[in-house]
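Every read-out reported here was derived from the displayed coordinates using simple, explicitly stated rules and does not represent laboratory data. Small disclaimer: the values here were computed from a predicted structure and weren't measured. Don't worry about glycine lacking a Cβ; one is built from the backbone with ideal geometry, like all the others, and counts go over all protein chains shown.
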Amino acid sequence: MAFYIFPASIALAASLVLYVVLFVGRRGRNLPHGPPTLPVIGNLHQLPTQKAYLKFTEWAKQYGGMYTLKLGPGTVIVLSDRRIIKQVLDKRSAISSERPTSLVAQQIITEGDHLLWMNNTPAWRLMRKQIHQDLTETLCNKEHAKIQQAETVQMLHDMLQAPDVWTNHLKRFSNSVILSIVYGIRSPTFDAPYLKRLNDLVEIWARINEFGATPPVDIFPFLKYVPQQFLGNWVTRATKVHDELHALYNGLLSSVMKRREATGSMPSIVDRLLDQQEKTGLTTHQITLLAGVTIKGGSDTSASVLASFVQAMVTYQDVQKKAQAEIDSVVPEDRVPNFDDYEKLPYVAQIVKESHRWRPVAPLSVPHRLAEDEWVDGKLLPKGAVIFLNVWGLHHDESKFANHENFDPDHYKGRTLLAAEYANSADYENRDHYDYGNGRRLCPGIHLADRNLFHCISKMLWAFHIEMATDPKTGKPIVPDTDIVTGYREGLTACAYDFPIKLTIRSEARRAAIMKEYAEARENVFPKFENTDFPS
């Protein structure tokens with residue numbers, strides 16, 4: 001019997017090898033076209049390990065707004081076409097809201113409870129609903145606006161006191177707003193130990209989750225059994241992110257629990273989740289990560305967009321002067337701008353949108369996965385296919401944005417509604433930008449984030465002249481590097497490297513207004529959020 005089994009086994013193995021060589025890595029007949037593939041690996045050899053969105057945009061110019069990549073046996077669909085994006089990610093969001101399998105993000109780092117990486121499950125829908133109900137447009141206007149106004153006034157005050165570390169003030173502001181809402185704790189200074197840990201976490205999280213940053217263990221599972229030292233110590237790096245993430249988020253939750261024991265509950269997202277835990281059924285780990293992902297997302301994305309705004313103001317002085325002229329016609333010197341000024345400052349609103357477009361904070365977005373087959377324009381998008389939204393390509397579409405490399409707020413002339421209005425509109429051609437995602441994965445903090453940016457940008461332009469710093473050795477201006485390749489860090493999110501600037505208060509009357517409103521914020525707003533000890 002063994003004599004007959006042996007050649008049969010050889011034939012079976014040979015057939016399997018032949019099948020792999022002939023079909024794995026090949027593009028199926030009905031799939032959208034794309035770059036040529038190699039047997040077994042498909043297009044893996046062509047993918048850069050950093051800033052893949054630049055290569056994706058290059059391919060989009062050659063293969064169109066919907067094309068296919070083969071990564072081993074897996075299929076990737078890259079979308080840069082507004083119409084198709086609306087059809088697949090918005091209208092068909094019921095089947096396009098899954099996430100691709102990620103051993104690193106879903107299992108090693110977050111243990112399956114991270115809102116960004118969870119699949120479209122009942123638990124994910126429940127967690128998203130819990131966050132969304134505290135970040136509605138109504139609550140942003142009625143409740144959160146007071147926090148945003150106070151924190152941006154402190155930002156101006158801090159920039160007056162220490163202009164050289166302006167990036168720290170942006171990070172503190174954006175973190176303190178979301179931290180106050182989520183935990184009922186504010187960040188009074190940038191020196192808080194937990195804030196440094198959060199910024200470090202943002203950095204290592206972005207790096208390890210960038211497309212191509214770890215070996216393709218989800219495509220070729222056998223790589224899990226290769227000693228990790230031959231593959232960049234990917235397990236060790238992922239485990240470090242896991243440990244840092246859980247230590248930080250557990251510490252924040254512990255601080256809230258200690259405060260609750262001492263003084264009781266207060267109006268914050270975490271307090272409400274803990275009060276209603278028995279009703280919702282959320283585990284403590286789910287609450288911990290839900291709160292953590294909200295503060296991380298609300299902190300680094302706003303600060304990154306604002307850093308790009310500052311780069312643009314330093315580089316495009318004509319834009320800055322035009323915006324300041326508009327502000328001066330609406331806001332007097334004796335008061336700081338607030339969100340009530342939004343509709344009267346359309347050019348400032350255009351600057352907010354152009355800051356997103358020019359240097360998107362998420363150039364490739366987090367990928368989606370199809371739960372069912374979908375046909376688009378006679379082409380098959382198969383079940384299980386991973387979908388990348390090529391935000392960079394959309395924002396730098398030459399047919400949509402003339403002089404797309406330049407920072408030009410007139411790209412949005414006549415389109416100054418808040419981002420949520422365009423994201424939820426059926427008019428896909430009029431969508432302003434894609435930094436907040438699509439469909440059921442649309443950022444639940446979109447209302448808060450848009451207002452954050454307007455608060456900060458309008459106030460900085462009202463208060464300061466923003467100019468290039470001068471090199472003390474040469475006496476020449478220090479020109480910031482605005483190139484996305486050399487001037488921005490690697491990672492899932494794009495943020496400019498630190499650069500020096502010169503901030504000059506525009507008048508003593510404005511300085512006095514800042515000091516007056518800062519004193520009022522210290523008396524009337526901040527104390528409510530300063531009764532909790534920080535985690536170390």
ask   = P(r) tail for region 138-215, what percent of Cα pairs lie past 15 Å?
value = 62
Value at 222 nm in deg cm²/dmol, rounded to 500, when DSSP H runs of n ≥ 4 in the chain each add -39,500 (n - 2.57) = -15000 deg cm²/dmol
message = Apply the Karplus curve 6.51 cos²θ - 1.76 cosθ + 1.60, θ = phi - 60°, to the phi angles in region 305-317 and return the couplings in whole Hz, x for Gly and Pro.
response = 4, 5, 5, 5, 4, 5, 3, 5, 5, 5, 7, 10, 5
key: region 2-529: relative contact order as a whole-number percent, Cα under 8 Å and 6+ apart   = 22
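With the Cα gyration tensor of region 204-283 in hand, convert its eigenvalues to equivalent ellipsoid semi-axes via √(5λ) and list them largest first in whole Å. It would help to have the intermediate numbers written out before the result.
Values: eigenvalues 294, 40, 21 Å².
Square roots of five times the eigenvalues give 38, 14, 10 Å.
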Peptides 400-408, 205-213 ordered by average Cβ neighbours within 10 Å, highest first = 205-213, 400-408
request  = Give the angle, between 0 and 90 degrees and rounded to the nearest 10, that separates the Cα long axis of helix 234-263 from the longest principal axis of the Cα atoms of the chain.
outcome  = 40
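I'd like to compare 496-503, 226-233: which one has the highest average count of other Cβ atoms within 10 Å, and what's the full order after that?
Result, highest mean Cβ count within 10 Å first: 496-503, 226-233.
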message = Tell me the volume per residue, in Å³, of the convex hull enclosing the alpha carbons of the chain.
response = 177
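Taking other Cβ within 10 Å of each residue's Cβ, how do TRP375, TRP462, TRP124 sort, fewest first?
Values: TRP375 9, TRP462 26, TRP124 20.
The fewest-first ordering by Cβ neighbours comes to TRP375, TRP124, TRP462.
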ask   = Residues with amide H under 5 Å of LEU71's amide H, sequence separation 5 or more or different chain, H placed in the peptide plane at 1.01 Å from N; which?
value = ASN43, VAL76
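For region 32-171, calculate the relative contact order in percent as a whole number, restricting contacts to Cα pairs under 8 Å that are 6 or more residues apart. Walk me through the numbers on the way to the answer.
Details: 98 pairs, mean separation 18.3, N = 140.
RCO, region 32-171: 13 percent.
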query = Can you give me the Cα centroid spacing of region 235-250 and region 406-438 in angstrom?
reply = 36
remark   = In whole percents, the bins of 10 Å from zero upward hold the Cα-Cα pairs of region 384-431 as 21, 48, 26, 5, 0
note = For the chain, the dipole about the Cα centre with charges only on Cβ (Lys and Arg +1, Asp and Glu -1), to the nearest 20 debye, works out at 1140
note = Placing +1 on each Lys and Arg Cβ and -1 on each Asp and Glu Cβ in the chain, then taking the dipole about the Cα centre, the residue among GLY34, PRO221, GLN276 whose Cα reaches farthest towards the positive end is PRO221
Relative intensity, log₁₀ I(q)/I(0), of region 55-162 from a Debye sum that treats every alpha carbon as a point, q = 0.24 Å⁻¹ = -1.23
remark   = Check: C-alpha center region 356-377 vs C-alpha center region 295-347, spacing in Å is 28
message = Give the lysines reachable from LYS240 as a straight Cα distance under 26 Å; neighbours fewer than 8 places away on the same chain don't count.
response = LYS51, LYS171, LYS196, LYS224, LYS296
request  = Note the angle between two axes, namely the Cα long axis of helix 446-463 and the longest principal axis of the Cα atoms of the chain, as a number of degrees from 0 to 90, rounded to the nearest 10.
outcome  = 40
query = Could you put LYS413, LYS240 in order, starting from the residue whose Cβ has the fewest other Cβ atoms within 10 Å?
reply = LYS413, LYS240
Partner aspartates and glutamates for LYS91 [C-alpha distance under 13 Å; skip if fewer than 8 residues away on the same chain] = GLU374, ASP427
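Sorted by average packing, counted as other Cβ atoms within 10 angstrom per residue and highest first, what order do 473-481, 505-513 take?
On the way: 473-481: 11.8, 505-513: 14.8.
Answer by packing, highest mean first, reads 505-513, 473-481.
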